[in-house]
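The values are calculated or read from the model by the stated rules, or taken from the named source; none is laboratory data. These numbers come from a predicted model, not from an experiment. No Cβ is skipped: glycine too gets one built from the backbone with ideal geometry, and neighbour counts run over all protein chains shown. These area figures cover heavy atoms from the full protein model, side chains too; ligands, DNA and RNA do not enter into them. Shrake-Rupley method; radii C 1.70, N 1.55, O 1.52, S 1.80 Å.
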Amino acid sequence: MDPSASSAAQGSGPAESETTFRVLSIDGGGIRGVFAAKALADLEEATGRALRRCVDLICGTSTGGIIALGLALGKRASDILDLYREHGEAIFPGNRKGWLRGIWRPRYDNAALREALRSTFRDRSLAEAQSRLCIPSIDIQTGRPRVFKTDHRGDDFQNDWKLTALEVSLATSAAPIFFPAAIADSDRAMIDGGLWANNPALVGIGEATLLGYKLNQIEILSVGTGSTRFTMDGADAQRAGLRRWAPKIVDVIFQVQSQFVHNLLRQRPTGSYLPLRRYLRVDCELAQNAYRLDDASKISSLTGLGHAAAVENLTAMKTFCEGQERVWKSPHAPESVA
């Protein structure tokens, strides 16, 4: 690809003057998205800049996909934090026998989630995004990974821009056991992208290279939703069946995938993909079994953890956001989008 072929503001590839491609990557994690939303809200407050103006691409999966869509559509991270605070208990009402319900049908319907997202996004589409987007999901009817994208690569993904943020956010966050599959993209059944890309940082790297950037030009701010390690005694693991695994299996998949991507990107001395100085991970360790994906009673605690992580990493995060303002607009954007 000729890197000078088109402008990054409107076209598909990097301009000659651009030497860095910045990616904001946001993990999935159910209600633990409160952690990421708070950390990012503190960053926006500290810099006085909207994050969509600091990055070239936002990747988000599941709850991180909801945050990503909100940021790209002009919301502040604090607005998405308010969504969790105001609607979290309705989305995840809590039920001590919820895992039993999840065996036969989804633990929750998505009515409360749908209403919360509708009140946030209205009928806005990906064409109105003010930053490039990559939102992982799975087309369960074909069994294939699916990445919803803005139309930032010319003729590729030419129909995604027509989809609403509501459709895409439900598609990326339809975690099996917890929620029913979501219908999107010409009546396709979609489930949570966290099953293959809970930490979508590698999705961001791949997309940047497809746009013509080299690995040493890519910078990533990767924001987690709290990390915990599920462990089991060897003898128990040999005996464990549905009752033991059902309440944990989705979270185990999410956590292990996120940890794998993080470990891959931080390997020393140079990192497997990026120079270490171009990769920043903001996350925290959570006590095992203390922060379930659907435990809305932990919103206040997660808010505090997000704030603490922002304070700890604020200097590095502000450095990541420095420099020329990033501006991108879809070729299909309505005139109302600045």
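If you check 171, 165 for being touching a residue at least 60 places away in the same chain (Cβ under 8 Å) and surrounded by 20 or more Cβ atoms within 10 Å (Cβ to Cβ), only one passes: 165. Here residue 214 meets each of (1) open to solvent by 30 Å² or more (accessible area, probe 1.4 Å); (2) touching a residue at least 60 places away in the same chain (Cβ under 8 Å) with one exception, condition (2).
Might you let me know whether segment 47-58 holds any residue that is within 19 Å of residue 170 (Cα to Cα) and modelled with pLDDT of 95 or more?
Kept after step one, since they are within 19 Å of residue 170 (Cα to Cα), are these residues of segment 47-58: 58.
If we keep only those that are modelled with pLDDT of 95 or more too, we end up with 58.
The answer is yes; a qualifying residue exists.
Within segment 292-313, the residues that satisfy the criterion of being open to solvent by 40 Å² or more (accessible area, probe 1.4 Å) and within 19 Å of the chain's Cα centre (by Cα) are 292, 305, 307.
If the condition is being more than 24 Å from residue 107 (Cβ to Cβ), without any contact (Cβ under 8 Å) to a residue 60 or more places away in the chain and open to solvent by 10 Å² or more (accessible area, probe 1.4 Å), then segment 52-93 contributes 74, 75, 76, 78, 79, 82. Looking at segment 38-49, which of its residues are in contact (Cβ under 8 Å) with a residue 12 or more places away in the chain and open to solvent by 10 Å² or more (accessible area, probe 1.4 Å)? If the condition is that a residue be in contact (Cβ under 8 Å) with a residue 12 or more places away in the chain and open to solvent by 10 Å² or more (accessible area, probe 1.4 Å), then 38, 41, 42, 45, 46, 47, 49 are the ones that fit.
Within segment 314-338, can you find the residues that are part of a helix (DSSP H, G or I) and touching a residue at least 40 places away in the same chain (Cβ under 8 Å)? Across segment 314-338, the qualifying residues are 314, 317, 318, 320, 321. Scanning segment 276-293 for residues that are touching a residue at least 60 places away in the same chain (Cβ under 8 Å), farther than 13 Å from residue 225 by Cβ and in contact with a helix residue (DSSP H, G or I) (Cβ under 9 Å, 6 or more places away or on another chain) yields 278, 279, 280, 290. Among the residues making up segment 140-152, those that are in contact with a Gly (Cβ under 9 Å, 6 or more places away or on another chain) and either surrounded by fewer than 23 Cβ atoms within 10 Å (Cβ to Cβ) or modelled with pLDDT of 95 or more (or both) are 145, 146, 147, 148.
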